[in-house]
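None of the figures in this text is laboratory data; all of them are computed from the coordinates on show. The structure presented is a predicted model; accordingly, all values stated were derived computationally and were not measured. Using ideal geometry, Cβ is built from the backbone for each residue, glycine included, and neighbour counts are taken over all protein chains shown.
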């Protein structure tokens, strides 16, 4: 509690005590009001003051004014106890509201306690602690075991394991060594690391993420906007109803004013929809915070809300459903050729190329390449490579290349890239290089369909038809569109957008770098954040920090829970208010019930809203 | 020009909404957004008149919600 809040609590307690004394003290009618007035002023003077100021500034429908009016009215009609009690409960409600908001804010701040406080940098030979802000690009910082990595950079010295859970929700530590990238916010676990800084603190991943989550609440969800508009109309309506209730029935039924004015005052007590107005944004705030705990960055409350209504989800293949790394998966040498030989010659032939195929071959071969053995290299784009190895003409590439040199090759049905090898004009075999599926890709699709209640899953890829379709089948994807150029992807998304219902949402999942236009066009753009993929964090609406597609289903679960809480609060608050209004109009409810219901509803709604922060139901994989 | 300011002592969501509306009505303000939970106010207005407009924003804030304070750096 803040100092201000503690003072308020003290006032409330004192006021309550005075109230009890006032009730029990046997005073004559003349003196009777005074202790009550004392109790009233102790807890309510600021409300009266605020009300006076607001009237001066012509803020008519301000809750302080209405509260003051209601309680002063109670006093005027001789209901001293009621007047004090109403003010007391009102202040309790306000205090709790203030406290809950503070708690929520601190909770989120605590969750996001990824902000590093210092960096260790060599100054004149000694390791000194400085503010991360002061470190420049190119400086080398040292991070010891157990310390938080303060800035993004490349490891220059040292081997260690790093805990990325604060950013990605991933509980398995990542190994890093010299040459590897690290990002700020992770905790260095085992060994000392020297890191060459690549980004200033303000531009570092941790700063960007904090900024994102903080500002996410600025993008208001539809239900938030609705409640704000509703609140705008609610207060004046209730006040006007109160005025009508005070004067119409007595006139029509020829009854004394007193009773009806009293009932009207009850209306004034319920005229503030604060509980509603605060619990809705609070729920989304909690949901966004909870999601970031799982390594899912949601950039706006509106996206969190929309996610639950996803009807169609379109996904990029490479880098999203597959790992995006090409590896040699199979060696099929022709008769008389060994696997080793096939690999060696292919690798040699491709050794001068920087094509991903060449890189994966080199990786598989593992040994040093002697470039002197290779000469007269000719790289033909779209076909492959021709070279002379130890005097023999060699060709390594696709079907088209083989056909062009007149070598017959078997038809290979596979989901990967086939590199055929011809040595001296003779077919020597083929190597299969595939992109691996992500281990959780199949489960991701399954969960999207079941838990996520997504009606249609679509895969968009620039890859070849047989490859794309085979993967689509393996993962259980409803529709597959292959051989798409980037512009083709946008067109497909446009046509898919026409297919969904008006309330439904289309989400697109990509790895960001070349998917920016599609991410923008979709209702929700989800990017595989990767460790340090800036373009993805920029373009998308939701970023999955650990690149696991199964997280999408997790995000939808959080979205659903948050929305459920929001609707629970709205329905509950409105129902109770309506009930008390009706009972009050008929004289069954008094101000006691009214304010109790009002404050009680506020307290319950706020507590319920804070439930959105709890993401324990999502397993941390 | 778009600038974000920290706001202190803003505990009532309703007041935040009222404040946002009042600020939007100030002539010269193109857009304003009040993020009650993060305690931040974003104001977008003409570059040349920005300081004058911010003074008006503070005045309006005092009127609508006297307790809260906009931190002008």
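Annotations for the structure displayed:
- Helix-only arithmetic for chain A: the sum of -39500 (n - 2.57) across DSSP H runs with n ≥ 4, divided by the residue total, places the mean residue ellipticity at 222 nm at -16500 deg cm²/dmol.
- Inter-chain neighbour count for A:92-105: the average number of beta-carbon atoms from partner chains within 10 Å of each residue's beta-carbon is 2.
- In terms of other Cβ atoms within 10 Å, A:280, A:505 run from fewest to most in the order A:505, A:280.
- Relative to the longest principal axis of the Cα atoms of chain A, helix A:205-216 runs at roughly 40 degrees.
- What separates the Cα centres of the stretch A:190-215 and the stretch A:363-395 is a distance of 42 Å.
- Acute angle (nearest 10 degrees) that the helix A:274-293 long axis makes with the longest principal axis of chain A, alpha-carbon atoms: 20
- Residue exposure proxy: A:262, A:232, ordered by other Cβ atoms within 10 angstrom of their Cβ from fewest to most, comes out as A:232, A:262.
- In the elastic network of chain B, a GNM with C-alpha springs shorter than 10 Å, the most mobile of B:57, B:29, B:43 is B:29.
- All alpha carbon pair distances within chain A were sorted into 20 Å bins beginning at 0; the resulting P(r) in whole percents reads 16, 35, 28, 13, 6, 1, 0.
- The shape of the stretch A:251-350 can be summarised by an equivalent ellipsoid whose semi-axes, obtained from the alpha carbon gyration tensor, come to 75, 13, 8 Å from longest to shortest.
- Averaging Cα coordinates gives a centre for the stretch A:549-563 and one for the stretch A:136-165; these two points are 32 Å apart.
- Percent antiparallel among DSSP beta bridges (both partners in chain A, rounded to 5): 75
- The angle separating the long axis of helix A:63-76 from the principal Cα axis of greatest extent in chain A is about 20 degrees.
- Equivalent ellipsoid, the stretch A:387-501 (semi-axes from 5 times Cα gyration tensor eigenvalues, Å): 39, 16, 10
- Residue exposure proxy: A:218, A:301, A:104, A:338, ordered by other Cβ atoms within 10 angstrom of their Cβ from fewest to most, comes out as A:338, A:218, A:104, A:301.
- Comparing B:22, B:32, B:52 in a Gaussian network model of chain B (Cα springs below 10 Å), the most mobile by mean-square fluctuation is B:52.
- Remark: mean inter-chain Cβ contacts per residue of B:27-37 equal 4, using a 10 Å Cβ-Cβ cutoff to other protein chain atoms.
- Inverse mean reciprocal Cα-Cα distance (Kirkwood Rh) of the stretch B:2-71, Å: 11.7
- Inter-chain Cβ neighbour count for B:2-13, averaged per residue, equals 4 (cutoff 10 Å, partner chain atoms only).
- Chain B: relative contact order as a whole-number percent, Cα under 8 Å and 6+ apart: 43
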